[in-house]
Amino acid sequence: MKKNMIAIALGGLLVLSATPASVAANEPTVQAKVEYSQFVTKRQVVDQLLEDALKAFKSPSRISHAGFTAKMPSNMEIITNRLLEAYELEPYRTDLLISAANAQIYNKNVDRAIDLFEHALTVAPDHVDLHSYLAIWQKFKGNVAASNEHMAKIAKLNPAREADITRIFNTVDRVINTPLKDKPENNYKGNTAIVTLGYALNPDGSMHDVLIKRLETTFSIAKNNPDSLIVLTGGVPKNHKTEGRLMADWLIKKGISADRIIEENYATSTVDNALFSSYALARHNIDHATIISSASHVRRGQTLFEIASWKTGPKNITFDTVAYPDKPLEKLEKASDKELLGIYRDALRTYGMWSYRSKPLLAR
């Protein structure tokens, strides 16, 4: 980024004047512009840049409607640029590069993310997380040899991590190669559960048609499996209501016993769905869970639930999915690059590798 920087030492303090290049014409709608020359020390400038990145991350100016919870590209560019400006001032802060790279993953600019991860690796060549990110994203790009090089490095640094990343690869490959289905095929024995993933409520707090369709699928399966526990997960509030609460009310009105239902009213993402619901599955010692979501979403859901269960258990729990066909299943036979990117990105988050790790911008 082009920038004019003036540094003057005054009694042990550093006076900085930074004029960042414009990143978007509508940037004022995301955050107020700050004149960084008002700050006296380098630490103050870095702190303010990180605060500005956090404001962009939380900005309500992004497009937000039912089913869309991602940040707009302009927000991600602002986050990346502020983090890189901070890194120019504090070049030992590898966390800033990792956070900036992951902002680009959210922006679907994997090539730029790889460049930033590799830059960070020149600073910290034995950083296991950096090699893990690069192993994943080089594989995503089809650069198998480069991915294998990073896996070999991980194996030397931390054999357990190498085994975990290999397990993630194997899980993703198996899930994306399993045909989607819109009806359950097996009558699973033992302690079983149905897990229905929420969908963003309409602004007035009513359920979106997509969520109702998921519930209709849930109701049908629940009737045919009367002993199955039902976990309803979704906690993004709209008009003082949550998906979990409304889903439970809908099923109870249809005749499903409230005793079968567990509401999970805190999840704000698919990662949260998997992490929070897995505790319920572990508490009830579930042997098998069927995940219900839209066809374009169930593979990501299954992958994350499997990874979450590695730590929570129950041991040897199995999962399958039933899809509400928001798109014809034959059109979703092969996972798109967009879907696969989301699966890998959220697999790492569920595993415990936080995307943003530059305080105060901390987010799984």
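The values are calculated or read from the model by the stated rules, or taken from the named source; none is laboratory data. Here the structure is a predicted model, which is why all the values come from computation and not from measurement. With ideal geometry, Cβ positions are generated from the backbone for all residues, glycine too; neighbour counts draw on all protein chains shown.
Could you say whether any residue in the range 71-81 is touching a strand residue (DSSP E or B) at 6+ places or on another chain (Cβ under 8 Å), more than 22 Å from Thr268 (Cα to Cα), acidic (Asp, Glu) and modelled with pLDDT of 80 or more? Write out each step before concluding.
Pass one, the range 71-81, residues touching a strand residue (DSSP E or B) at 6+ places or on another chain (Cβ under 8 Å): 79, 81.
Those still in the list that are more than 22 Å from Thr268 (Cα to Cα) too: 81.
Still in the list and also acidic (Asp, Glu): none.
Within the range 71-81, not a single residue is touching a strand residue (DSSP E or B) at 6+ places or on another chain (Cβ under 8 Å), more than 22 Å from Thr268 (Cα to Cα), acidic (Asp, Glu) and modelled with pLDDT of 80 or more.
When Ala113 is tested against (1) at pLDDT 90 or above; (2) small (Gly, Ala, Ser); (3) surrounded by fewer than 13 Cβ atoms within 10 Å (Cβ to Cβ), only condition (3) is not met.
Quick check on the range 293-345: of everything there that is among the basic types (Lys, Arg) and under 23 Å from Ala113 (Cα atoms), which residue is modelled with the lowest pLDDT?
Within the range 293-345, the first condition is being among the basic types (Lys, Arg), and the residues that meet it are 299-300, 311, 315, 327, 331, 334, 338, 345.
Retained after the next criterion (residues that are under 23 Å from Ala113 (Cα atoms)): 300, 338, 345.
Numbers: Arg300: 97, Lys338: 94, Arg345: 98.
Applying the filter and picking the extreme gives Lys338.
Rundown of residues vs (1) among the aromatic types (Phe, Trp, Tyr); (2) more than 27 Å from Tyr133 (Cα to Cα), yes/no style:
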| position | (1), (2) |
| --- | --- |
| Ile292 | no, yes |
| Val298 | no, no |
| Phe305 | yes, no |
| Ser309 | no, no |
| Tyr324 | yes, yes |
| Leu329 | no, yes |
| Leu362 | no, no |
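The single condition among (1) surrounded by 17 or more Cβ atoms within 10 Å (Cβ to Cβ); (2) touching a strand residue (DSSP E or B) at 6+ places or on another chain (Cβ under 6 Å); (3) at pLDDT below 95 that Ala200 does not satisfy is (2).
Taken over the range 141-152, the criterion of being surrounded by 19 or more Cβ atoms within 10 Å (Cβ to Cβ) and either not polar (S, T, N, Q) or not assigned by TED's automatic domain parsing to the domain that holds Thr166 (or both) is satisfied by His150, Met151. Restricting the range 203-224 to residues that are polar (S, T, N, Q) and surrounded by fewer than 18 Cβ atoms within 10 Å (Cβ to Cβ), which is nearest to Ser269 (Cα to Cα)? Here the answer is Ser206. The residues in the range 299-325 that are buried (at least 19 other Cβ atoms within 10 Å of the Cβ) and either closer than 25 Å to Val210 by Cβ or basic (Lys, Arg) (or both) can be counted, and the count is 15.
In summary, Thr218 fulfils each of the numbered conditions (1) in contact (Cβ under 8 Å) with a residue 60 or more places away in the chain; (2) assigned to a helix (DSSP H, G or I); (3) not assigned by TED's automatic domain parsing to the domain that holds Ala323 with the single exception of condition (3). Please work out which residue is surrounded by the most Cβ atoms within 10 Å (Cβ to Cβ), limiting yourself to the range 226-244 and to residues that are farther than 19 Å from Asn285 by Cβ and β-branched (Val, Ile, Thr). Taking the candidates together, the pick is Thr242.
Within the range 254-277, the set of residues being assigned to a helix (DSSP H, G or I) and either within 22 Å of Tyr324 (Cβ to Cβ) or β-branched (Val, Ile, Thr) (or both) comprises Arg260, Thr270, Val271, Asp272, Asn273, Ala274, Phe276, Ser277. Out of all the residues in the range 126-161, which are among the small types (Gly, Ala, Ser), within 23 Å of Asp337 (Cα to Cα) and without any contact (Cβ under 8 Å) to a residue 12 or more places away in the chain? Across the range 126-161, the qualifying residues are Gly142, Ala145.
Answer yes or no as to whether Thr218 is among the polar types (S, T, N, Q), within 28 Å of the chain's Cα centre (by Cα) and more than 21 Å from Ala323 (Cβ to Cβ). Spell out the reasoning first.
Working: among the polar types (S, T, N, Q): yes; within 28 Å of the chain's Cα centre (by Cα): yes; more than 21 Å from Ala323 (Cβ to Cβ): no.
Answer is no for this residue.
Restricted to the range 286-345, and to residues that are basic (Lys, Arg) and in a loop (DSSP other than H, G, I, E, B), which residue is farthest from Asn107 (Cα to Cα)? Residue satisfying both the conditions and the ranking: Lys315.
Here is the figure for the range 158-197: residues that are under 24 Å from Gly352 (Cβ atoms), surrounded by 16 or more Cβ atoms within 10 Å (Cβ to Cβ) and not basic (Lys, Arg) total 13. If you scan the range 232-265, which residues turn out to be modelled with pLDDT of 95 or more and β-branched (Val, Ile, Thr)? Those that are modelled with pLDDT of 95 or more and β-branched (Val, Ile, Thr): Thr233, Ile252, Ile256, Ile261, Ile262.
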